[in-house]
1. Given the stretch 14-98, report the % of alpha carbon pairs whose separation exceeds 21 Å.
2. Around Leu28, under 15 Å between beta carbons, what's the net of Lys plus Arg minus Asp minus Glu among the other residues?
3. Net charge near Val85, counting Lys/Arg +1 and Asp/Glu -1 over other residues with Cβ under 14 Å of its Cβ?
4. Tell me the label-point distance for the pair Thr12, Ile91, using the 7 Å Cα-to-Cβ offset, in nm and rounded to one decimal.
5. On a full-extension model of 0.36 nm per residue, what is the gain between Met71 and Thr21, subtracting their alpha-carbon distance, rounded to one decimal in nm?
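Since every read-out is calculated from the coordinates, none of them should be taken as a lab result. What you see is a predicted model; the values in this text were computed from it and never measured. Cβ placement follows ideal geometry from the backbone for every residue including glycine, while neighbour counts extend to all protein chains displayed.
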Amino acid sequence: MAVGATSAFSPTGTVALSATTASSSGLLAGWGASVAVTSSADAGVFVRFGPDISISAGNADMPVLPHSCVMLSINNVITHGAAVVQTGDGIIDVTSGDGGCL
């Protein structure tokens with residue numbers, strides 16, 4: 001593959017986080033060097049990833065716009081994700097896999 005090329009995203013598992021104005025966390029499903037974070041929330045969401053269930057998301061973490069999806073690179077020690085929504089609530093789907101585009 002050419003330098004700078006991106007391979008198609010190959011999903012291996014998805015977990016749904018029920019996000020509210022209080023941070024919620026969960027064990028990631030599947031494996032891989034990337035995650036696709038899809039928000040169904042009507043407000044902005046912040047996500048954070050870490051090595052255990054104690055991970056907590058706050059408004060200084062990675063923002064995800066309402067009803068959108070972002071791709072993030074993670075490493076092999078990442079096992080959990082956390083999400084918090086600015087107002088209201090919503091479902092945040094975190095799909096593990098390999099590749100860099102949807």
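1. That tail contains 15 percent of the Cα-Cα pairs.
2. -2
3. Surrounding charge for Val85 is -3.
4. Taking the simple label geometry, Thr12 and Ile91 are separated by 2.4 nm.
5. Full extension from Met71 to Thr21 adds 15.7 nm.
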